[in-house]
1. Can you tally the net charge around Glu90? Count Lys and Arg as +1, Asp and Glu as -1, for every other residue whose Cβ sits under 14 Å from the Cβ of Glu90.
2. What shape does the stretch 6-214 take by its C-alpha gyration tensor, where a ≥ b ≥ c are the square roots of the eigenvalues and a/c under 1.5 counts as rounded, a/b above b/c as prolate, and the rest as oblate?
3. Count the net charge of all other residues whose Cβ sits under 9 Å from the Cβ of Leu117, scoring Lys and Arg as +1 and Asp and Glu as -1.
4. If each DSSP helix of 4+ residues adds -39,500 (n - 2.57) and the sum is divided by the residues in the chain, what number results at 222 nm, nearest 500 deg cm²/dmol?
5. What's the local net charge at Ala161, with K and R +1, D and E -1, over the other residues with C-beta under 10 Å away?
6. Quick check on the stretch 64-124: take the gyration tensor over C-alpha atoms, sort the square-rooted eigenvalues as a ≥ b ≥ c, and tell me if it's rounded (a/c under 1.5), prolate or oblate.
7. Loop only by DSSP, 10 or fewer other Cβ within 10 Å of the Cβ. Give me the trypsin sites (Lys or Arg not before Pro) in the stretch 82-160 that pass, ordered by residue number.
8. Please give the Cα centre distance for the stretch 44-115 versus the stretch 147-206, rounded to the nearest Å.
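A short reminder: the numbers here are calculations on the coordinates, not readings from a lab. These numbers come from a predicted model, not from an experiment. No Cβ is skipped: glycine too gets one built from the backbone with ideal geometry, and neighbour counts run over all protein chains shown.
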Amino acid sequence: MRPGLATLTRLSTAPLPLLVPAAVFDAFGWCASTTLDWWHPAGGIDLATPVDGTDPTRMVFVFAAGAPAGFLPRELARLHAYGLGFEDEEALAPYGIDDATDGLFGRRLPPRDVLALAADNLNALFWGLHDWAHFHNHGPLDEPAWTELQCDTAALAWIVANRAEIGLDEGRLARLHAELVALSARRFAGEGKPFDPAWMDLARVRRFVDAERAS
């Protein structure tokens, strides 16, 4: 990796309690989340990208050197994370998120020992954190809206916890929260289920973060 093009920030990713029906996951919190190493441009990230459910671009999970992850599909990190100085480093193929969720759980490999995130915009960072929640909470995906609600809320909490490191102001945080509520409402509507915005209440998310900091 060429030096000087990227900065490595260690994000706090303390786990959230279970917020959805217990049957949604068959192994909730099988591995307690602690931190996530995040590669990003030295000058900061693009905070304007909307989080609306479209596939993230310029995001990839990079394998740690020597990580025991030969069972996972690989591509070169530089094909997905541009301008960060990656050369021959390998990364989880973007289609391999479910493979990683199942494979890390099946082998009881802590995700932090295997993967770091590279992302240069807010949409990519959010979905990277969302996937990070998936890696720690295994489920059959029989209840997609509930599953994604848990992972969305975890990602939102981690963004709140690391707002200073990300460079996110209150206005953009409020907009992000509104985007996530709208996205979750569409998912529940698509399954013909009622949705309560209070499930993702931002003040409630802040209380989770404050409680973790105080513990």
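1. With Lys, Arg at +1 and Asp, Glu at -1, the neighbours total -2.
2. oblate
3. Result for the neighbourhood of Leu117: -2.
4. After summing the helix terms and dividing by the residues of the chain, the value is -12000 deg cm²/dmol.
5. Result for the local shell: 0.
6. Verdict is prolate for the stretch 64-124.
7. Sites meeting the loop and neighbour criteria: Arg108.
8. 22
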